[in-house]
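See structure below.
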Amino acid sequence: MTSTAIAVPPAATQQRRLTALTGYRFALASTILFTHTFYSMQLFHTDPAKDPLALSVPVGTAAVSSFFVLSGFVLAWSAPASDTFRAFWRRRAVKVYPNHALTWLATVIFLLVVTTPSLMFGTDVGVDADKAILNLLLLQNWVPRMDYIGSINGISWSVCCEAFFYAVFPFLFPVLQRIPAQRLWHWFAVLGALVVVIPGLTYLLEGPDAAPWARMPVAQIWLAYAFPPTRLLEFMMGILTARMIQTGRWPHIPVWAPLLVSGLIFLTTPVLPAAYLFGAAEAVPMALVVPALATRNLAGQTGWLDRPGMVLLGNASYALYLCHYPILRVLRHVVGPQRRFAWWSGTLIGLVGMAMSLLVAVLVYTYFEDPIVRRFSRRRASP
C-alpha cells in the first residue's frame, strides 16, 4: 500500500488550506437541508411510510456521518504541536456554542407562542423545562427518549455528539497518535467493523416504533444513531485518515471511488435493515471521501468545491445546519400547519424555505458566528 501512497511533508500538511473540505461541508449541509425541506416538512399528499422522498433520509444521515468524520479529520489535521486542554476547549466552545444558544432561544420563543402542532416531523408545541435545559447544555442525547433527543431545535442532537467528541479529544488524540503508521489501516478497519456491527446488535432490543420516519424501537435508534459513544467511532475514523496522510500511508484513492461505493449502497436502501439507514451503511465509504478530497488540494488540484462561493457557504454551513430547521418550522406554520399541497406549490414553498435558510445562515455566520470566533477564540494578551 505504501508504494502508491502520497507522501506529504509535515510542514505542507499544516500550511496548505484544504478549501475542498470547506466546500464539501456545504454540500453535506445542503443534502440535510433538502431532506428536512421536502420530507420532514410533510408538504405533499403522501403517507410518510410510503413517501418516495423518504429515500432522501439515508442520504441525509450519510451526510451527518461524514460531518462526524470531517470533524475528527480537521481537528487532527490542525492540532498544534503544543496545546492545552483549556485552550482547545475554549476554541471549540466559542465556535460551537453561540449558534446553538441563538437557535435554542429562537426556538423556545417560537414554541411558547405557537399553540397548534404542525405535520412537520419533530415539531411539538410547548416547552418542558427539563428537556429545554438538557438541550441547552447539549446533554439531551444521554437520555434514551426521542422527546429528549429531538427537543427544542431537534437537529442539535448531532451537536450534542460533537460536544462529547470535543470533551474527549484531548485525551483520545494522544492515544491515537501512538498507533504506528503501519497499523493505521488495521485500526481503521476495526472502527469500520464496529460501525457496521453495532446496529446489528441493536436488533436485540424491542419496543414500539420511535417515529413515523423511524420504524424501529426507541432504544434501537438511540444506540445506533444518537448515542454519542457510538458516533465517536466515525470521529475516530476521521482522526486516523488524517494521520494516514501525514505519515504517508494514504494511497491514491480518487474521490469518485468511495462515492461510487456509497451510491451502490444507496441502491440497496429498500432491502437494508432500518438500523443501517441512519449512517452505518454509508459510514466507511463516506469516511474515505474526506481524505480523498484533502489529497487533491495537497496535490495542487482544485474543483467546484474550491470556488469562493462554495467556500463561503461552507464556512456558513454550521449556521445553516442549526438555523434551517427553526426557519422551516416557522414557514410550515405560515403556510398552514396542517395543510397539504400539490407537487408544484409544495415544491415552491420548499424552495422558498431553502432560500430563506441560506440567506439567514450567511447573515448569522457573517455578523454573529465569525465575529465571536475572532474575538473570543484566543485569550488576549495582558497589556
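Taken together, the values in this text are just the output of simple stated rules run on the coordinates, not laboratory data. On a predicted model such as this, the values are computed, not experimentally measured, just so you know. All Cβ positions, even for glycine, are placed from backbone atoms using ideal geometry, and neighbour counts span all protein chains on display.
In the list ILE327, ILE349, which residue meets the criterion of being surrounded by 15 or more Cβ atoms within 10 Å (Cβ to Cβ), in contact with a Ser or Thr (Cβ under 8 Å, 6 or more places away or on another chain) and of a type in the set (Val, Ile, Thr)? The unique qualifying residue is ILE327. All of (1) farther than 23 Å from SER151 by Cβ; (2) surrounded by 16 or more Cβ atoms within 10 Å (Cβ to Cβ); (3) β-branched (Val, Ile, Thr); (4) out of contact with any helix residue (DSSP H, G or I) (no Cβ under 6 Å at 6 or more places or on another chain) hold for ILE221 with one exception: (1). Tell me, yes or no, whether the stretch 265-272 has at least one residue that is aliphatic (A, V, I, L, M) and out of contact with any helix residue (DSSP H, G or I) (no Cβ under 9 Å at 6 or more places or on another chain). The answer is yes, given that some residue of the stretch 265-272 is aliphatic (A, V, I, L, M) and out of contact with any helix residue (DSSP H, G or I) (no Cβ under 9 Å at 6 or more places or on another chain). Note on the stretch 238-248: residues that are touching a Ser or Thr at 6+ places or on another chain (Cβ under 8 Å) and either assigned to a helix (DSSP H, G or I) or buried (at least 21 other Cβ atoms within 10 Å of the Cβ) (or both) amount to 3. Filtered by the rule that a residue be under 14 Å from PHE121 (Cα atoms) and either part of a helix (DSSP H, G or I) or within 25 Å of the chain's Cα centre (by Cα) (or both), the stretch 327-357 gives ILE327, LEU328, ARG329, VAL330, LEU331, ARG332, HIS333.
When the stretch 261-285 is filtered for residues that are assigned to a helix (DSSP H, G or I) and more than 14 Å from ALA62 (Cα to Cα), the ones remaining, listed by number, are PRO270, VAL271. Determine whether THR107 is over 26 Å from GLN246 (Cα atoms) and of a type in the set (Val, Ile, Thr). Here the answer is yes, as THR107 does meet what is asked.
Put simply, of SER317, SER377 the only residue that is more than 16 Å from TYR39 (Cα to Cα) and buried (at least 22 other Cβ atoms within 10 Å of the Cβ) is SER317.
The rows are residues; the columns are (1) surrounded by fewer than 16 Cβ atoms within 10 Å (Cβ to Cβ); (2) of a type in the set (Asp, Glu); (3) farther than 17 Å from PRO326 by Cβ; (4) touching a His at 6+ places or on another chain (Cβ under 7 Å).
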| residue | (1), (2), (3), (4) |
| --- | --- |
| ARG90 | yes, no, yes, no |
| PRO98 | no, no, no, no |
| ALA106 | no, no, no, no |
| LEU111 | no, no, no, no |
| VAL114 | no, no, no, yes |
| PHE121 | no, no, no, no |
| ALA129 | yes, no, yes, no |
| ILE133 | yes, no, yes, no |
| LEU137 | yes, no, yes, no |
